[in-house]
Structure formats: structure tokens, C-alpha cells
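None of the figures in this text is laboratory data; all of them are computed from the coordinates on show. None of the values given here were measured: they were computed from a predicted structure. Note that we place each Cβ from the backbone using ideal geometry, even for glycine, and neighbour counts take in every protein chain shown.
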Amino acid sequence: MRVLMLSPFVRQRLRGFLSQPKKEDLAVLKTLIEAGKVTPGRHPASRLVGCLLVAMAYQTQLDILQGTLDMLILQTLQWGPQHGHGIGQMIRHRSEDLVRLEHGSLYPALHRLERHGWIAAEWKASATNRRAKYYRLTPVGKKQLAAKRGKWDLLVRTIARIMRPA
């Protein structure tokens with residue numbers, strides 16, 4: 001028997017959707033189904049609930065600002081070498097599931113950082129004794145992380161200044 005635990009936010013959205021579907025929720029569901037992100041089940045009720053839960057998960061995730069992914073990867077590797085999947089899991093865990101990196105974003109970013117010389121990679125056996133590519137931060141990468149962190153801090157302060165009431 002599977003028990004599905006729903007957060008209060010999801011329960012509230014689900015109750016609201018089932019009583020009064022909003023156009024934007026329906027549009028998100030349609031987009032996710034068309035993109036193949038959601039595979040509807042057989043029973044109409046389970047199909048609706050499943051689609052809605054996936055849609056809400058996508059809506060509650062944060063979109064990453066362009067260029068921020070490199071900084072997050074470099075920051076994660078500052079704590080020690082890690083394989084690609086582990087980097088994604090660590091970022092997801094540290095963000096409390098608000099940032100989920102798709103493989104289509106993570107691995108091209110890792111390859112780009114490796115080309116720049118900011119990270120280095122080597123093949124090793126993982127904890128499950130499988131062959132995995134482990135990445136580590138290089139000295140040049142540490143300097144790049146410091147520069148990116150400085151730019152990030154400036155951006156955060158600037159946005160806070162703009163958002164402050166006059």
C-alpha cells in the first residue's frame with residue numbers, strides 16, 4: 001500500500017482545483033502532457049490528480065537565473081569531489097527541493113566548466129561500485145567562484161534596493 005503525503009500547500013491547491021479549476025492550472029497541465037512530462041493514468045480521477053501534482057511541483061520549483069547554475073556547481077564542488085548525479089542531488093537537497101537540475105542542463109554545464117578549466121574530472125568507482133566521472137574544483141575554479149559570488153551578492157543587493165518601498 002502506498003501512502004501519498006501532501007504538503008498543506010498542495011492539499012489546498014488540489015482542493016481548490018477540484019472544486020474550481022483555474023485556467024492557468026489547466027494550461028500548465030495541457031503543456032506538461034503535450035511535452036511528455038506527464039503520462040496520464042487509466043482512471044480519470046487518478047489521471048487528474050497525478051497531472052495536477054506534477055504541475056504543482058513544476059510551479060513551485062524555482063527557475064535558475066542564467067549563469068547561476070555555474071556558480072551553484074562550483075559552490076557544490078567546494079565541499080569536495082562529487083559525481084554528476086551527486087552534484088544535482090546535493091543542490092536539490094540544499095535548496096529543499098526548490099532547485100531540481102535536469103540532466104539536459106547539468107551535464108552540458110559540467111562539460112562547459114571542464115572546458116574552461118574551472119573543474120577537473122576523473123573516472124572512479126562510486127559508492128555502489130559503478131564507474132562514475134567525479135568532478136573537483138580547480139584553483140582557477142576557486143577564483144571563478146569568488147568572482148561569481150561577488151557578482152551574485154551585488155545582484156541580490158541591487159534587487160533588494162529596487163524592491164524596497166520608497
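Find how much the distance from Arg112 to Arg157 grows on full extension, using 0.36 nm per residue of separation minus their present alpha carbon separation; answer in nm with one decimal.
13.4 nm
For the stretch 68-163, with only Lys/Arg (+1) and Asp/Glu (-1) charged at the beta-carbon, what is the dipole magnitude about the Cα centre, in debye rounded to 20?
Dipole about the Cα centre, nearest 20: 220 debye.
Gain in length, Arg94 to Ala120, computed as 0.36 nm per residue apart minus the alpha-carbon separation, to one decimal in nm?
Taking 0.36 nm per residue and subtracting the Cα distance, the gain is 7.1 nm.
Before anything else, pin down the relative contact order of the stretch 68-163: Cα pairs under 8 Å, at least 6 apart, normalised by residue count, whole percent.
31 percent
For Leu154, what charge total do you get from the other residues with a beta carbon under 12 Å from its beta carbon, if Lys and Arg give +1 and Asp and Glu give -1?
+4
Hey, can you grab everything whose amide H is under 5 Å from the amide H of His83? Only 5+ residues off in sequence or another chain; H modelled, so Pro and N-termini drop out.
Excluding prolines and chain starts, which carry no amide H, the hits are Tyr135.
Counting Lys and Arg as +1 and Asp and Glu as -1, what is the net charge of the other residues whose Cβ lies under 12 Å from the Cβ of Glu122?
Its environment carries a net charge of +3.
Excluding Pro108 itself, what net charge comes from residues whose Cβ is under 12 Å from its Cβ, given Lys and Arg +1 and Asp and Glu -1?
-1
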